[in-house]
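The values are calculated or read from the model by the stated rules, or taken from the named source; none is laboratory data. Computed from a prediction, not measured in an experiment: that's the story for all the values here. So basically every Cβ, Gly included, is an ideal-geometry build from the backbone, and we count neighbours across all protein chains shown. Please note that ligands, DNA and RNA were not included when accessible areas were found on the heavy atoms of the full protein model with its side chains. Shrake-Rupley method; radii C 1.70, N 1.55, O 1.52, S 1.80 Å.
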Amino acid sequence: MADAKMRSERPLSPHLSVYRLSLVMVMSGAHRISGAVLYFGMLLLVWWLVAASTSPRDFDFINGLFDTWIGRLVLFGFTWALFHHLLGGIRHLIWDTGRGLGKYERELFARLTIIGSISLTVVVWLIGIMLRG
Amino acid sequence: MRSSLRNVRGLGSARSGTEHFWILRLTTVANIPLVAAVVVILVALSGRPHAAVVATLGQPTVAILMLAMLWSVIVHMRLGMQVIIEDYVHSEGRKVVLLMANTFFSIAIGLASAFAVFRISFGL
């Protein structure tokens, strides 16, 4: 009853499709999607921690899964989502101060987030591979 | 003894928006160093045998850091998912169910991971 009324009277923002797609908009979507990926990806970290706490056998089992090609791909994607969301979060903190909202800065932040997140992901994985020898 | 119009009509704000915004920002700031430190630890631990991993995770500084990261990240992710649900799910019933599921999922993740860290630290 109240539900139907609320829906009819509450205004929704203009539909996205009226705007020309820009990189900044794509990055906004990517920030949200990477956040959702990390949300469910936390299951992997929890699984790993619980396995470490229970027995060496459980721990070896999940590490074995992580060591397959699919496992590595998932972890690599998780790392990228993490750095993408982290840099996007820093961008949001800068925006919160009222700075960096201009046309040039917006585009710059979008590019820096892409380049930065890919670079950080690759660097972290290279260090990991080197440490494992 | 009069109810305000916004309550009668079921419109108006829930009066928790500022706190939501603030805690999301607070945990963003906390997450940056905490997640960075945990990434360093996890990379260092990758491929290490169980005994070495448990020995490192059981150190007080590492365990406390891990718990702090989990706390901040889980509060943050719950608020973030709440925004996603509220943006895309307009049916009141489904929205309430998903918001509850979001809270339950976050608490389950938090309890399981905290249990694991404590268990490792105390060598149980």
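So for segment B:80-92 (the condition being away from every other protein chain (no Cβ under 11 Å), more than 17 Å from the chain's Cα centre (by Cα) and open to solvent by less than 40 Å² (accessible area, probe 1.4 Å)), does at least one residue qualify?
yes
Just to be sure before I move on: is A:Ser28 more than 30 Å from B:Glu86 (Cα to Cα) and of a type in the set (Gly, Ala, Ser) in the structure I sent? Spell out how you get there, then give the answer.
Working: more than 30 Å from B:Glu86 (Cα to Cα): no; of a type in the set (Gly, Ala, Ser): yes.
For A:Ser28, the condition - more than 30 Å from B:Glu86 (Cα to Cα) and of a type in the set (Gly, Ala, Ser) - is not met.
Only one of these is in contact (Cβ under 8 Å) with a residue 12 or more places away in the chain and aliphatic (A, V, I, L, M): B:Leu98, B:Leu124. Name it.
Working: B:Leu124 fails: in contact (Cβ under 8 Å) with a residue 12 or more places away in the chain.
B:Leu98 is the lone residue from the list that is in contact (Cβ under 8 Å) with a residue 12 or more places away in the chain and aliphatic (A, V, I, L, M).
Checking B:Ser106 against (1) part of a helix (DSSP H, G or I); (2) under 28 Å from B:Phe21 (Cβ atoms); (3) open to solvent by 20 Å² or more (accessible area, probe 1.4 Å), which single condition isn't satisfied?
B:Ser106 satisfies every listed condition except (3).
Report yes if some residue within segment A:27-42 is under 30 Å from B:Ala51 (Cβ atoms), more than 9 Å from chain B (Cβ to nearest Cβ), surrounded by 13 or more Cβ atoms within 10 Å (Cβ to Cβ) and more than 14 Å from the chain's Cα centre (by Cα); otherwise report no.
no
Within 19 Å of A:Phe83 (Cα to Cα) and part of a helix (DSSP H, G or I) - does that describe any residue in segment B:14-25?
Step one: of segment B:14-25, the residues within 19 Å of A:Phe83 (Cα to Cα) are B:24-25.
Those left that are additionally part of a helix (DSSP H, G or I): B:24-25.
Yes, segment B:14-25 has at least one match.
Tell me whether segment B:7-15 contains one or more residues that are within 11 Å of chain A (Cβ to nearest Cβ) and at pLDDT 95 or above.
no
Specify the residue that is farthest from B:Met69 (Cα to Cα); the eligible residues are those in segment A:76-89 that are touching a Phe, Trp or Tyr at 6+ places or on another chain (Cβ under 9 Å) and hydrophobic (A, V, I, L, M, F, W, C).
A:Phe76
A:Phe109 - would you say it is touching a Lys or Arg at 6+ places or on another chain (Cβ under 8 Å) and open to solvent by less than 50 Å² (accessible area, probe 1.4 Å)? Working first, answer last.
Values: touching a Lys or Arg at 6+ places or on another chain (Cβ under 8 Å): yes; open to solvent by less than 50 Å² (accessible area, probe 1.4 Å): yes.
Judged against the criteria, A:Phe109 is a match.
Quick one: in segment B:57-67, of everything that is open to solvent by less than 40 Å² (accessible area, probe 1.4 Å) and more than 9 Å from chain A (Cβ to nearest Cβ), which residue is farthest from A:Val50 (Cα to Cα)? Don't jump to the end; show me each part of the working.
As a first pass, look at segment B:57-67 and keep what is open to solvent by less than 40 Å² (accessible area, probe 1.4 Å): B:57-58, B:62-63, B:66.
Now narrow it down to the ones that are more than 9 Å from chain A (Cβ to nearest Cβ): B:58, B:62-63.
Details: B:Gly58: 13, B:Val62: 16, B:Ala63: 14 Å.
Filtering first and then ranking leaves B:Val62.
Whether any residue in segment A:109-123 is more than 16 Å from B:Val35 (Cβ to Cβ), over 19 Å from the mean Cα position of the chain (by Cα), more than 9 Å from chain B (Cβ to nearest Cβ) and outside any loop (DSSP other than H, G, I, E, B) is what I want to check.
No: zero hits.
Cβ contacts < 7 Å: first residue under 19 Å from A:Ile94 (Cβ atoms), restricted to segment B:14-27; second residue part of a helix (DSSP H, G or I) and among the acidic types (Asp, Glu), any location; separation 6+ or different chain. Result?
B:Arg25/A:Asp96
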